[in-house]
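Novice: I have a structure I would like to understand better, so I am pasting it below and will then ask my questions one at a time.
The values are calculated or read from the model by the stated rules, or taken from the named source; none is laboratory data. The model shown is predicted, which means the values in this text are computed figures rather than measured ones. With ideal geometry, Cβ positions are generated from the backbone for all residues, glycine too; neighbour counts draw on all protein chains shown.
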There are 2 protein chains.
Amino acid sequence: MKLNVLTTGNELMAGDIIDSNSAMMAEIFEPLGWRIHKKVTVGDDLPLLCQEIDQLCADGDVLLINGGLGPTVDDLTAEAMAQVCERPIQEHPEALSHLQTWCQQRNQSLSKANLKQTRLPADCAIIANGRGSAVGIRMEHRGCLMLATPGVPSELKQMLSEEIVPLLRGRFVSDHIRTLRLGVFGLGESTVQERLSDAIPDWPADIELGFRASMPVLEVKLTARGEHLGDKLSQCRRQVEDALCHHVIGELPTSLPGALIEACRQHQLSVCAAESCTGGLIASQLTSVPGASDVFPGGIVSYSNGLKKALLGVSASDLEQAGAVSETVARQMLSGALKACGADIGVAVTGIAGPGGGSPDKPVGTVWIAWGSHSAMQSQRLVFPFERAAFQQWVSALALDLLRRHVVGVDEFPQLMQRFCQPASSD
Amino acid sequence: MKLNVLTTGNELMAGDIIDSNSAMMAEIFEPLGWRIHKKVTVGDDLPLLCQEIDQLCADGDVLLINGGLGPTVDDLTAEAMAQVCERPIQEHPEALSHLQTWCQQRNQSLSKANLKQTRLPADCAIIANGRGSAVGIRMEHRGCLMLATPGVPSELKQMLSEEIVPLLRGRFVSDHIRTLRLGVFGLGESTVQERLSDAIPDWPADIELGFRASMPVLEVKLTARGEHLGDKLSQCRRQVEDALCHHVIGELPTSLPGALIEACRQHQLSVCAAESCTGGLIASQLTSVPGASDVFPGGIVSYSNGLKKALLGVSASDLEQAGAVSETVARQMLSGALKACGADIGVAVTGIAGPGGGSPDKPVGTVWIAWGSHSAMQSQRLVFPFERAAFQQWVSALALDLLRRHVVGVDEFPQLMQRFCQPASSD
């Protein structure tokens, strides 16, 4: 099946909204082996819409049209489909009865604007919409099945799974596709690629290898197409894990905080955080994971020096002499947090997120990070050449991964981060 | 200028990532009066890429190609441009010297994979990339200017503003478009629309009104097209602010935490947070704003009951009798945080983010929020019917906005949030 997608709406062209609908379609179709061949987006422009519909129909088996079914004058999809198929627009009885029911359920009277949604190309079939006022439209043109759906994501989602997938499965062959995504932290995309091609020179042809750089975690995606490739997929997974070893944090949707929480759960360790420059981001990422409370009693955001002293017991003279961004303060913050939170392990970060606050000795981007336990504490100075938001994201990601490595017993620093490390003497 | 966009990458077709790059392009071009005419997305498929490049060039003055310049084998943009223009691929000296400098700055050796990024169509011009390893490509085909950029958003952004916009301004007519975006919190889109059409029935024809629901903040966008509309725009802004009054948080990019920090700075108040169910998100959002340290000494993430007692002095018997999610605990958390952090005002939240942990009396989504100062403390119970991530986002947004209202002296609760409020007696 050759499947094309046409999305429409001025809001898509003006950058007012980001198109998440076509990603939703792709995600729903992917496990069935259907991949979108080509996707076109145009504004609310009738001649252009007609031209694109006609061309995409000529070049595919199915055309999904999304958007432009609303009640306003710039919703042009029904009109365009009618023109392309040379049919008149007229009131569609099923669409009208759907709209009447929809309004009744909401104690709402039928507005003139809504009535526009019942005027469809003559003799078209409708696609039921379980959530919204606009029905979808189904027609054939040039031997291509056209399916038009509204742009509201929740309506589209329901129509895709309840109506469109069953319809397409009845007409087209669907496939068995298994996908496996591994999260990798601390290696760049080119390093991963190199390591994999060195370690696995004879990569099997029926397993597709892909990458997705969703910083700070890199995704390695293995796709097997066919019913009997489960074993081969598992074998490839093991080879990838061997090649990338402790940089693999796990099978996605595992996240860095998720991997840490799982490791802590397995090792029955509780974890805390003392944050200055990340300002709560580490704690917030940990608690974004359901069940974080099993291992995370809490943390302290000691943004000011006053709180570093009052809540974490950092020495006033060290703060003055070594400065807030120093090894001793980071280690004292961690000791203080471990004690205050009664946790087994933890991480402390103190740094200069910028844009202000840097000095020649300690430029913006400098951070001291201390991690581990009372008895096994490590610390490291790094300088990240990133702007504030990216700096906070990377420090937080590194903190979570250093703790994970500590828990699972890996001593090595994440490779990609080594280039940002600085000797303590540069303090 | 007729401007088309071609984005490429299997990850876009497989639903692995949502294309935010074309929205970024549109946002950057909008103030110059340039609107994208047509946008096409295809996977990593060389013949299809070549065909689309050729067709889009035939139908436009400028073609922006995004993606496919990376170091891996499935990055095909350079190859496709070379094929379309019938040129060989060869090592480009400027691209090579860019890459060498880039690697030197990172103490990184030049990898074979990276070297692929220096192999470009013969005699093409390059577009400088200030952030990444891959340079952009500039060529002409069928009288159309082709500009290829990498898919990494931060690299694209920098290249658009520093390289591509100046280049296009030198060649094509640009317009004077002034856009003003106001952030609104606590009103839904239809309410805003209604209030504005009631308050300003004679909306001027040369000022375009638009909305963008980027939850939790709604954007109201005013666009004036023409050189002499500055005064009219300011007048419209005042009318909008009058109609929506204290729901307007300010001109974007002001954020909820930004508006609170600014208000605290003006009123010389320091602010702290005691977080249970938001787990550090409030502190993290506050410290995402540069200069947060002026007003934010820090906060406490008291995720466990133990820490609520130990760090915030919440009474053990109240925790046992009323439960962690109760008015008295929220208020004690706030008192404790104000004292521990030495802050003038603060907010405390305790709730059930889910998916587990709910009960018939206190379902998932229940939250108690306490805000204000020692002498002027308020509290409210709400139940949000959202899943974990959205719950944490909304609680955090509401907390920040309640504090802003407290600081600027507005007593009313944000209207849109009132429907989630519950009487204390339902505890």
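Novice: Please determine whether any residue of region A:127-137 is in a helix (DSSP H, G or I) and exposed (fewer than 15 other Cβ atoms within 10 Å of the Cβ).
Specialist: To start, the set of residues in region A:127-137 that are in a helix (DSSP H, G or I) comprises none.
Within region A:127-137, none of the residues are in a helix (DSSP H, G or I) and exposed (fewer than 15 other Cβ atoms within 10 Å of the Cβ).
Novice: Follow-up. Residue under question is B:Asp202, and the condition is that it be of a type in the set (Asp, Glu), in contact with a Leu (Cβ under 9 Å, 6 or more places away or on another chain) and either modelled with pLDDT under 95 or over 30 Å from B:Gly143 (Cα atoms) (or both); does it hold?
Specialist: When the stated conditions are applied, B:Asp202 does not pass them.
Novice: Within region A:389-396, is there a residue that is within 14 Å of chain B (Cβ to nearest Cβ), under 17 Å from A:Glu327 (Cα atoms) and aromatic (Phe, Trp, Tyr)?
Specialist: So far as region A:389-396 goes, no, none of its residues is within 14 Å of chain B (Cβ to nearest Cβ), under 17 Å from A:Glu327 (Cα atoms) and aromatic (Phe, Trp, Tyr).
Novice: Within region B:269-283, track down each residue that is in contact (Cβ under 8 Å) with a residue 60 or more places away in the chain and crowded, with 24+ Cβ neighbours inside 10 Å.
Specialist: The answer is B:Val271, B:Cys272, B:Ala273, B:Ala274, B:Glu275, B:Ser276, B:Cys277, B:Thr278, B:Gly279, B:Leu281, B:Ile282.
Novice: Test of understanding: among A:Asp294, A:Asp361, which residue is within 22 Å of B:Gly291 (Cα to Cα) and surrounded by fewer than 18 Cβ atoms within 10 Å (Cβ to Cβ)?
Specialist: Exactly one residue qualifies, and that residue is A:Asp361.
Condition check ((1) charged (D, E, K, R); (2) over 21 Å from the mean Cα position of the chain (by Cα); (3) more than 30 Å from A:Trp394 (Cα to Cα)) across all residues:
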{"position": "A:Thr149", "(1), (2), (3)": "no, yes, yes"}
{"position": "A:Met159", "(1), (2), (3)": "no, yes, yes"}
{"position": "A:Glu162", "(1), (2), (3)": "yes, yes, yes"}
{"position": "A:Leu167", "(1), (2), (3)": "no, yes, yes"}
{"position": "A:Arg181", "(1), (2), (3)": "yes, no, no"}
{"position": "A:Glu194", "(1), (2), (3)": "yes, yes, no"}
{"position": "A:Pro216", "(1), (2), (3)": "no, no, no"}
{"position": "A:Asp242", "(1), (2), (3)": "yes, yes, no"}
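Novice: If you go through region A:299-312 one residue at a time, do you hit one that is touching a residue at least 24 places away in the same chain (Cβ under 8 Å), among the small types (Gly, Ala, Ser), surrounded by fewer than 22 Cβ atoms within 10 Å (Cβ to Cβ) and assigned by TED's automatic domain parsing to the domain that holds A:Glu262?
Specialist: No, region A:299-312 contains no residue that is touching a residue at least 24 places away in the same chain (Cβ under 8 Å), among the small types (Gly, Ala, Ser), surrounded by fewer than 22 Cβ atoms within 10 Å (Cβ to Cβ) and assigned by TED's automatic domain parsing to the domain that holds A:Glu262.
Novice: A follow-up question, please. Looking at the structure I just gave you, is B:Leu382 among the aliphatic types (A, V, I, L, M) and under 25 Å from the mean Cα position of the chain (by Cα)? Talk me through it step by step, then tell me what you get.
Specialist: Values: among the aliphatic types (A, V, I, L, M): yes; under 25 Å from the mean Cα position of the chain (by Cα): no.
For B:Leu382, the condition - among the aliphatic types (A, V, I, L, M) and under 25 Å from the mean Cα position of the chain (by Cα) - is not met.
Novice: Name the residue, out of A:Arg388, A:Arg404, that is surrounded by 18 or more Cβ atoms within 10 Å (Cβ to Cβ), closer than 26 Å to B:Trp102 by Cα and not small (Gly, Ala, Ser). So that I can check it myself, show each step before the final result.
Specialist: Numbers: A:Arg404 fails: closer than 26 Å to B:Trp102 by Cα.
None of the others qualify; the one that does is A:Arg388.
Novice: Check A:Ala322, A:Ala274, A:Ala263, A:Ala316 and return the single one that is of a type in the set (Gly, Ala, Ser), in the same structural domain as A:Phe386 (by TED's automatic domain parsing) and closer than 19 Å to B:Leu307 by Cα.
Specialist: Going through A:Ala322, A:Ala274, A:Ala263, A:Ala316 in turn, just one is of a type in the set (Gly, Ala, Ser), in the same structural domain as A:Phe386 (by TED's automatic domain parsing) and closer than 19 Å to B:Leu307 by Cα: A:Ala274.
Novice: Next up: Quick check on A:Val240: is it within 14 Å of chain B (Cβ to nearest Cβ) and in contact with a Leu (Cβ under 9 Å, 6 or more places away or on another chain)? Talk me through it step by step, then tell me what you get.
Specialist: Details: within 14 Å of chain B (Cβ to nearest Cβ): no; in contact with a Leu (Cβ under 9 Å, 6 or more places away or on another chain): yes.
The answer is no for A:Val240.
Here is a yes/no grid of residues against (1) acidic (Asp, Glu); (2) touching a residue at least 12 places away in the same chain (Cβ under 8 Å); (3) in contact with a Ser or Thr (Cβ under 8 Å, 6 or more places away or on another chain):
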residue	(1), (2), (3)
A:Cys57	no, yes, no
A:Asp61	yes, yes, no
A:Asn66	no, yes, yes
A:Ala78	no, yes, no
A:Cys85	no, yes, no
A:His92	no, yes, yes
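Novice: Here's a follow-up. For residues in region A:202-236 being hydroxyl-bearing (Ser, Thr, Tyr) and within 15 Å of B:Asn10 (Cβ to Cβ), which is surrounded by the most Cβ atoms within 10 Å (Cβ to Cβ)?
Specialist: Ranking the candidates gives A:Thr223 first.
Novice: Out of all the residues in region B:105-122, which are at the interface with chain A (Cβ under 7 Å from one of its Cβ atoms) and polar (S, T, N, Q)?
Specialist: Correct list: B:Asn107, B:Gln108, B:Ser111, B:Asn114.
Novice: Further, regarding this structure: Kindly indicate the residue of region B:105-117 that is polar (S, T, N, Q) and under 33 Å from the mean Cα position of the chain (by Cα) and also modelled with the highest pLDDT among those meeting that condition.
Specialist: In the first step, residues of region B:105-117 are kept if they are polar (S, T, N, Q); the result is B:105, B:107-109, B:111, B:114, B:117.
Subsequent filtering for residues that are under 33 Å from the mean Cα position of the chain (by Cα) retains B:105, B:107-108, B:114, B:117.
On the way: B:Gln105: 86, B:Asn107: 80, B:Gln108: 81, B:Asn114: 84, B:Gln117: 91.
Filtering first and then ranking leaves B:Gln117.
Novice: For A:Gly210, which of the numbered conditions (1) touching a residue at least 40 places away in the same chain (Cβ under 8 Å); (2) within 10 Å of another protein chain (Cβ to nearest Cβ) fails to hold?
Specialist: A:Gly210 satisfies every listed condition except (1).
Novice: How many residues, within region B:141-172, are charged (D, E, K, R), in a helix (DSSP H, G or I) and within 17 Å of B:Asp61 (Cα to Cα)?
Specialist: Residues in region B:141-172 being charged (D, E, K, R), in a helix (DSSP H, G or I) and within 17 Å of B:Asp61 (Cα to Cα): 2 in total.
Novice: Would you be able to say whether some residue in region B:49-67 is touching a Pro at 6+ places or on another chain (Cβ under 9 Å) and not aromatic (Phe, Trp, Tyr)?
Specialist: Looking through region B:49-67, at least one residue is touching a Pro at 6+ places or on another chain (Cβ under 9 Å) and not aromatic (Phe, Trp, Tyr).
Novice: Where in region B:1-104 are there helices (runs of 4 or more DSSP H), lying wholly inside it, with at least 3 residues that are more than 9 Å from chain A (Cβ to nearest Cβ), modelled with pLDDT of 95 or more and surrounded by fewer than 17 Cβ atoms within 10 Å (Cβ to Cβ)?
Specialist: Answer list for region B:1-104: B:46-58.
Novice: Let me ask something else. Does B:Lys221 qualify as being under 25 Å from the mean Cα position of the chain (by Cα), free of Cβ contacts under 8 Å to residues at least 60 places away in the same chain and either more than 24 Å from B:Arg404 (Cα to Cα) or not in a helix (DSSP H, G or I) (or both)?
Specialist: yes
Novice: Restricting attention to region B:373-388, and to residues there that are within 22 Å of B:Gln285 (Cβ to Cβ) and among the small types (Gly, Ala, Ser), which single residue is farthest from the other protein chains (Cβ to nearest Cβ)?
Specialist: B:Ser379
Novice: Scan region B:402-418 and give yes if some residue there is β-branched (Val, Ile, Thr) and under 23 Å from the mean Cα position of the chain (by Cα), otherwise no.
Specialist: No, the conditions are met nowhere in region B:402-418.
Novice: May I pose another question? Which members of region B:346-372 meet the condition of being touching a helix residue (DSSP H, G or I) at 6+ places or on another chain (Cβ under 7 Å) and not β-branched (Val, Ile, Thr)? Before the answer, list the steps.
Specialist: Quick first cut of region B:346-372, residues touching a helix residue (DSSP H, G or I) at 6+ places or on another chain (Cβ under 7 Å) only: B:346-351, B:353-355, B:365, B:367-372.
Hits for region B:346-372 are B:Gly346, B:Ala348, B:Gly351, B:Ala353, B:Gly354, B:Pro355, B:Gly365, B:Trp368, B:Ala370, B:Trp371, B:Gly372.
Novice: Within region A:178-201, can one find any residue that is in a loop (DSSP other than H, G, I, E, B) and surrounded by fewer than 18 Cβ atoms within 10 Å (Cβ to Cβ)?
Specialist: yes
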